[in-house]
Amino acid sequence: GIVASSSVIRCESQHAGPAAGMPVSSAWARCHSAKLTKIHEAEARVLSQMIGTPYEAMDVPVKLGVSRRCFLQSDDVQYTIRTIIVGAEHKHKPPIVLVHGFMMGAAAFFKWLPLLAQERTVYVIDIIGMGGSGRPPFDAKRISAEEAENLLVDPFECWAQAMGLTSFTLLGHSFGGYVCSAWALKHPGRVNCLGLLSPLLGFSDDRIAHFEQREDVSWQRRALRCIIDTAWARNITPQSVVRWVPGAKGWFERASVRRFQSMASDVSEEEGRLLSAYVVATMDMPSSTEQAATVCFGPLLRPVEVAGGTIKRRLSKLPVRIFALYGDRDWMDRASALELPNCEFIELPGSGHHLYLDNPKGLTAEVLPRLP
């Protein structure tokens, strides 16, 4: 069941019931409540693999606080931020707030959370419009890149206030690294350390030129890239393909089971199946803020400039300790020390882009000593 406690909806049964994650009095989201419940149930099955690590799942109501032209609803409508908490016994230490990447959610960290929970309280949160959080109806064609950043960050700031968190370490993976960077830039007083885990900060002009000028690429691959670039420019995301294309959901689920199993030697067949089902459930929801990525980044993930420049240029002036980790076989374009002179760079052996699945023990050994 769901019990209201001040401004937080707590899920006593470890996953949300039909009403969780929906905006107050919103018919648009109410018709999708069954799918949101399915996400929370899939999340609970993944997190049940954390044997010996207790956790709490909750939904924290927040106001969007952005223009109606973005979300097609009034400003005072509330949605919920899905929140997983582990390591609650370490409240005397500065907490960690952990944010997932694109096409993922909080439960994807199930291999890493038991290790972090031995030393810190960790709040894992789903980006508004993604994972198990509420899905506000969103129109990417009506919004600027600066507004897109605000709509991703402002609900998190409301969440921090609701949770009573005044200071914390921010850790973000991939697109979550971008969101955490934007959050730290807007509210540097709250963030005592910023950890970027294979962050998406935009591909460099050199990397993009390399892609565009390669001559050893078949015409089929060139055609596919053209289709992907055109779709991205029209705010069509990979999640859209899963929703719209017949058979795509089943194909993606089967392919992702193999993919997750190949990421780490200790991911069992059952864990791969559960994680795949969870990810597919999050992608099967109505389109929402995932489209913000197509506004903040152009085709080939070229960063879009806002006031103050690209995200890297603005991060280079952030008065907060920053470190960035990349896998030794990571496909993500790496920021350089020249671009971010205030950032410590670490390479994690035996890891690709999903460091928390590929080498969770090594990741823990690199991250925890660097926290305040």
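This table checks each residue for (1) at pLDDT below 80; (2) farther than 18 Å from Ala140 by Cβ; (3) surrounded by 17 or more Cβ atoms within 10 Å (Cβ to Cβ).
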site	(1), (2), (3)
Met283	no, no, yes
Val295	no, no, yes
Gly298	yes, no, yes
Trp331	no, yes, no
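Looking across Gly195, Gly202, Gly177, one residue alone is assigned to a strand (DSSP E or B) and touching a residue at least 40 places away in the same chain (Cβ under 8 Å). It is Gly195.
Among helices (runs of 4 or more DSSP H) entirely within segment 4-119, having at least 1 residues that are modelled with pLDDT under 95 and either touching a strand residue (DSSP E or B) at 6+ places or on another chain (Cβ under 6 Å) or open to solvent by less than 40 Å² (accessible area, probe 1.4 Å) (or both) singles out 27-30, 33-47, 68-71. Here His187 passes the criteria (1) within 19 Å of Ala107 (Cα to Cα); (2) free of Cβ contacts under 8 Å to residues at least 60 places away in the same chain except the one numbered (1).
Taking the criterion of being open to solvent by 10 Å² or more (accessible area, probe 1.4 Å), closer than 30 Å to His90 by Cα and either part of a loop (DSSP other than H, G, I, E, B) or aliphatic (A, V, I, L, M) (or both), the residues of segment 131-163 that qualify are Ala162, Met163.
Under 7 Å between Cβ atoms, which residue pairs at least 6 apart in sequence (or on different chains) link something in segment 344-365 that is acidic (Asp, Glu) with a partner that is part of a helix (DSSP H, G or I)? Close Cβ pairs satisfying both conditions: Asp358/Met263.
Here is a yes/no grid of residues against (1) in a loop (DSSP other than H, G, I, E, B); (2) in contact with a helix residue (DSSP H, G or I) (Cβ under 8 Å, 6 or more places away or on another chain); (3) of a type in the set (A, V, I, L, M, F, W, C):
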| position | (1), (2), (3) |
| --- | --- |
| Val280 | no, yes, yes |
| Gln291 | no, yes, no |
| Trp331 | yes, no, yes |
| Ala335 | yes, yes, yes |
| Leu340 | yes, yes, yes |
| Leu357 | no, yes, yes |
| Ala365 | no, no, yes |
| Leu368 | no, yes, yes |
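The values are calculated or read from the model by the stated rules, or taken from the named source; none is laboratory data. Please read these numbers as outputs of a predicted model, since none were measured by experiment. Because the Cβ atoms are built from the backbone with ideal geometry, glycine has one as well, and the counts that use them run over all protein chains shown. Remember, those area values only see protein heavy atoms, side chains included, never the ligands or the DNA or RNA. Shrake-Rupley method; radii C 1.70, N 1.55, O 1.52, S 1.80 Å.
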